[in-house]
Amino acid sequence: MLILFLSIAFIALVAIITAYLIRHYLFTLVALYHKKEQPPLGSNETVYEPTVSILIPARNEEHVIERILQRMTELTYPKEKFEVIVIDDASTDRTGEKAKKFAKKHKFIHVVHRDLLDGGKGKPEALNCG
């Protein structure tokens, strides 16, 4: 009698485990091969694009400032949604001139010049200037 009960319990347990494995196998197949229809990029009205400000503190960076600003113009983020602010921290080279040249061509680039009294104290000070 005990052996019959254990045999029935074993068969029931094997049936439950088999059903569970088949269920997960089907879920896996559906997840792998069922492609959800995704709306084309740009047509979704719920895309949130916040306004972004990029601060670039620069002191005597004439050799790299043009390359940095060129990369900023190549960003694919909507130009009306971001601005680039170059903080010329009392540079003694042509950093400010080169940044101004980019600012004339691109309206989202702005240049802030710090004089020798306020500037030249490092990047943290340039970023926190009022």
- request: Examine segment 45-53 for a residue that is more than 26 Å from the chain's Cα centre (by Cα) and either at pLDDT below 85 or on the phi > 0 side of the Ramachandran plot (or both), and state whether such a residue exists.
  value: no
task: Kindly check whether there is at least one residue in segment 78-99 that is within 23 Å of the chain's Cα centre (by Cα) and assigned to a loop (DSSP other than H, G, I, E, B).
output: yes
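The values are calculated or read from the model by the stated rules, or taken from the named source; none is laboratory data. Keep in mind that this is a model prediction, so the values were computed, not measured.
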